[in-house]
Amino acid sequence: MRPRSRSAPASAGRRRDGAHRLEAARTTAERFAAVVLLKGADTLVAAPHGTVVVCDAGPPSLATAGTGDVLTGVVASFLSKGLDAVTAASAAAIAHGEAARLLPHQAGLVASDLLETLPAALEA
C-alpha cells in the first residue's frame, strides 16, 4: 500500500500534518493489515505488527509526478522475486533513491529519467 503523504493520516483517522508521519504509517499499516510505504523526505515502510523502517536514501528531486509509480514497479519486481513485503518495500526505496542520486542532473528530474540509472542502482 502506497498512500500519498496527505492521505495516510486521513486514512488512519488522524490530522494531516507532517509531524505525525511515523504514527500515520504505523496506524495505517495496522488498520489495513498491510505493509505501507509512505514517500517523503524520509521514506517510511511500516508493517502491520508495528515495525517501521526509515529510508533516507531519496533526494528531494524525487518529489515529482510519476516517481512513485516507478517505486511501485520496483517493489512489485522484488515481490515477484519472493522477497517479503517489508524487505521488498525497503530495498525498493533504497534503490529508487540511489537511482535518483546517480543521475547527472537533479533539477527537472522526470520519472522516466530513473530508467537510465535504475540498473546501476540495483547492482550497487
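Odds and ends about this structure:
- Any hit, the range 28-45, residues being within 16 Å of the chain's Cα centre (by Cα), in contact (Cβ under 8 Å) with a residue 24 or more places away in the chain and assigned to a helix (DSSP H, G or I): yes
- Residue match in the range 70-81 (condition: in a loop (DSSP other than H, G, I, E, B) and not hydroxyl-bearing (Ser, Thr, Tyr)): yes
- Against the test of being surrounded by 21 or more Cβ atoms within 10 Å (Cβ to Cβ) and among the β-branched types (Val, Ile, Thr), the options 86, 54, 110, 74 yield a single qualifying residue, 74.
- Only residues that are β-branched (Val, Ile, Thr), more than 19 Å from residue 28 (Cβ to Cβ) and outside any loop (DSSP other than H, G, I, E, B) were counted across the range 49-69, and they come to 1.
Throughout, read-outs are computed from the coordinates displayed, never taken from laboratory work. This one's a predicted model, so the numbers in the text were calculated from it and none came from an experiment. Reconstructed Cβ throughout: ideal geometry from the backbone, glycine too, with neighbour counts over all protein chains shown.
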